[in-house]
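Enquirer: The structure's right below; bear with me while I get my questions together.
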Amino acid sequence: MNIQDAEHEESAPNAPTLLINKLSCSLVGKTQVIKITPGSCAHQAYGVREVTEQFHCNYGLNPQFREKVGTGKLKITGVDVEGEARIVELSYHPFYFATLFLPQISSRPDRPHPLIVAYLRAALAFHNSRRND
Amino acid sequence: MNQQLKVGIIGDYDPKTFFSHISTNEALSHAASALSVSTNFTWLPTLSLVGQSIGATLKQFDALWCAPGSPYKSMEGALQAIRFAREMGFPFIGT
């Protein structure tokens, strides 16, 4: 995005450009419904257009930067009902995701999380591609 | 024998403060079982990810995961490792 002075409100509360700032409403211990962009890598991983995820955070993408993020190579591919960014992914990269929620906390032995399964599938493909080099 | 995947977890392992650190390890095992592979994961303290030689450390992994737990002991170290994953095409997830 080429924002050279981007900062995080937790570690630099007085910085001029807070790309990540305190959420207007804390998401610690909360669950949200997230809408997934059709055709995205997230959609491919989940196989559905709407998911429910668990959060444990107080900071997120500053809504002032939402449009700027959407127009670059980093795409917002999961949003809550208010349209706030919950999943971002890099369009040109084989597998590059960030989530505001914690997929790992809802994973169970008999119900592994689909994003983490997709992540390891990408790791396996990467492993095999390097082995064949 | 199952294939083994090496995952580097960017973060300062502290399960007493961050309950999700244990979940991270467990979730990797759950997903690995589903794919009939095994995982060998290594937590990488952020202070160890500062400097010129992090590529040598990170290239041994098949994927990188940036764990919860801000503020990191070294934001610079965390960001350097995330940049490495982005620029070198390593599978990456940040949660």
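Every number in this text was worked out from the coordinates using simple rules, so none of it is lab data. Everything quoted here is computed from the prediction, not taken from an experiment. Every residue, glycine among them, receives a Cβ derived from its backbone with ideal geometry; neighbour counts consider all protein chains shown.
Enquirer: What does the C-alpha gyration tensor say about the overall shape of the range B:34-95? Classify as rounded when a/c is under 1.5, otherwise prolate if a/b is larger than b/c, or oblate. Please list the in-between numbers first.
Expert: On the way: a/c = 1.84, a/b = 1.42, b/c = 1.29.
Verdict is prolate for the range B:34-95.
Enquirer: Could you tell me whether the range A:7-131 comes out rounded, prolate or oblate from its Cα gyration tensor? Rule is a ≥ b ≥ c as square roots of the eigenvalues, rounded for a/c under 1.5, then prolate if a/b exceeds b/c, otherwise oblate.
Expert: On the way: a/c = 1.75, a/b = 1.41, b/c = 1.24.
Prolate shape, in that a/c is at least 1.5 and a/b is the bigger ratio.
Enquirer: Of the lysine pairs in the protein assembly as shown, how many meet both conditions: Cα atoms under 30 Å apart, and a spacing of 8 or more in sequence or different chains?
Expert: 28
Enquirer: To test your reading of the geometry: what angle, between 0 and 90 degrees and rounded to tens, separates the Cα axis of helix A:114-131 from the longest principal axis of chain A?
Expert: 60 degrees
Enquirer: Report relative contact order for chain B in percent, whole number only (criteria: Cα-Cα under 8 Å, sequence separation at least 6).
Expert: Numbers: 150 pairs, mean separation 35.1, N = 95.
Relative contact order here is 37 percent.
Enquirer: Using the Cβ atoms and a cut-off under 13 Å, what net charge is assigned to the surroundings of B:Phe90, where Lys and Arg are +1 and Asp and Glu are -1? Intermediate values should be presented prior to the final figure.
Expert: Working: positive: A:Arg130, B:Lys6, B:Lys59, B:Arg83, B:Arg86; negative: B:Asp62, B:Glu87.
Local charge sum for B:Phe90: +3.
Enquirer: Same structure, new question: Which value in nm describes the separation of the simple spin-label points at B:Met88 and B:Lys73, placed 7 Å from the Cα toward the beta carbon?
Expert: 2.1 nm
Enquirer: Just to confirm the filter: which trypsin sites (Lys or Arg not before Pro) across the range A:35-85 are DSSP coil and have at most 15 other Cβ within 10 angstrom of their Cβ? Can you show the working numbers first?
Expert: Working: sites: A:Lys35, A:Arg49, A:Arg66, A:Lys68, A:Lys73, A:Lys75; in loops: A:Arg49, A:Lys73.
Passing both the DSSP loop test and the Cβ count: A:Arg49, A:Lys73.
Enquirer: Please compute the net charge surrounding A:Phe55, taking Lys and Arg as +1 and Asp and Glu as -1 over other residues with Cβ under 12 Å from its Cβ. Let's see the in-between values first.
Expert: Values: positive: A:Lys30, A:Arg86; negative: A:Glu53, A:Asp80, A:Glu84.
Around A:Phe55, the charge tally is -1.
Enquirer: With +1 on each Lys and Arg Cβ and -1 on each Asp and Glu Cβ, how big is the dipole of the range A:73-133 about its Cα centre, in debye rounded to the nearest 20? Write out the running numbers ahead of the final one.
Expert: Working: 8 positive and 6 negative charges, 62 e Å.
The calculation lands at about 300 debye.
Enquirer: Could you please report the charge total around B:Pro71, scoring K, R as +1 and D, E as -1 over all other residues with beta-carbon less than 10 angstrom from its beta-carbon? If you can, show how the numbers build up before the last one.
Expert: Values: positive: B:Lys73; negative: A:Glu10, B:Asp12.
Within the 10 Å Cβ shell, the charges total -1.
Enquirer: Would you please classify the overall shape of the protein assembly as shown from the alpha carbon gyration tensor, given that a ≥ b ≥ c denote the square roots of the eigenvalues, rounded means a/c under 1.5, and beyond that prolate means a/b larger than b/c while oblate covers the rest?
Expert: On the way: a/c = 1.42, a/b = 1.20, b/c = 1.19.
Since a/c stays below 1.5, the shape of the protein assembly as shown is classed as rounded.
Enquirer: While we're looking at this one, here's another question. Would you mind ranking B:Asp62, A:Asp80 so that the residue whose beta carbon has the fewest other beta carbons within 10 Å leads the list?
Expert: Values: B:Asp62 25, A:Asp80 18.
Taking fewest neighbouring Cβ atoms as first place, the list is A:Asp80, B:Asp62.
Enquirer: Also: Please report the antiparallel percentage of the DSSP beta bridges confined to the protein assembly as shown, to the nearest 5.
Expert: Numbers: 20 of 39 bridges.
Around 50 percent antiparallel, to the nearest 5.
Enquirer: Could you check the spin-label model distance between B:Asn40 and B:Lys6? Points 7 Å from the Cα along Cα→Cβ, value in nm.
Expert: Label-label distance for B:Asn40 and B:Lys6, simple model: 0.7 nm.
Enquirer: Could you list B:Tyr72, A:Tyr96, A:Tyr59 in order of exposure, starting from the residue whose Cβ has the fewest other Cβ atoms within 10 Å?
Expert: On the way: B:Tyr72 21, A:Tyr96 24, A:Tyr59 18.
Fewest-to-most Cβ neighbours within 10 Å comes out as A:Tyr59, B:Tyr72, A:Tyr96.
Enquirer: Need one number: nm distance between label points at B:Ser29 and B:Ala56, each 7 Å from Cα along Cα→Cβ, rounded to one decimal.
Expert: Between B:Ser29 and B:Ala56, the simple spin-label model gives 3.3 nm.
Enquirer: Using helices alone, I'd like the mean residue ellipticity at 222 nm for chain A: each DSSP H run of four-plus residues gives -39500 (n - 2.57), total over residue count, nearest 500. Don't skip to the answer; put the middle values down first.
Expert: Values: 3 runs with 30 residues, N = 133.
Only helices count here, giving -6500 deg cm²/dmol.
Enquirer: For chain A, what's the relative contact order in percent, using C-alpha pairs closer than 8 Å and at least 6 residues apart?
Expert: Working: 200 pairs, mean separation 26.4, N = 133.
After rounding, I find 20 percent.
Enquirer: Taking loop as defined by DSSP and a crowding limit of 11 other beta carbons within 10 Å, which trypsin sites (Lys or Arg not before Pro) in chain B fit?
Expert: Working: sites: B:Lys6, B:Lys16, B:Lys59, B:Lys73, B:Arg83, B:Arg86; in loops: B:Lys16, B:Lys59, B:Lys73.
Answer by residue number: B:Lys16.
Enquirer: With only Lys, Arg, Asp and Glu charged, each at its Cβ (+1 for the first two, -1 for the last two), find how big the charge dipole of the protein assembly as shown is about the Cα centre; round to the nearest 20 debye. Mind showing how you got there, number by number?
Expert: Working: 20 positive and 19 negative charges, 100 e Å.
With only Lys, Arg, Asp and Glu charged at Cβ, the dipole is about 480 debye.
Enquirer: To the nearest 20 debye, what is the magnitude of the charge dipole of the range B:4-94 about its Cα centre, counting +1 on the Cβ of each Lys and Arg and -1 on the Cβ of each Asp and Glu? Let's see the in-between values first.
Expert: Working: 6 positive and 6 negative charges, 20 e Å.
Using only the charged Cβ atoms, the result is roughly 100 debye.
Enquirer: Which residue, A:Leu18, A:Phe126, A:Val81, has the largest displacement toward the positive end of the dipole of the range A:7-131 when charges sit on each Cβ (Lys, Arg +1; Asp, Glu -1)?
Expert: A:Phe126
Enquirer: Quick check: residue separation of A:Thr31 and A:Arg49 times 0.36 nm, minus the Cα distance between them. What number comes out in nm?
Expert: Between A:Thr31 and A:Arg49, full extension yields 4.8 nm more.
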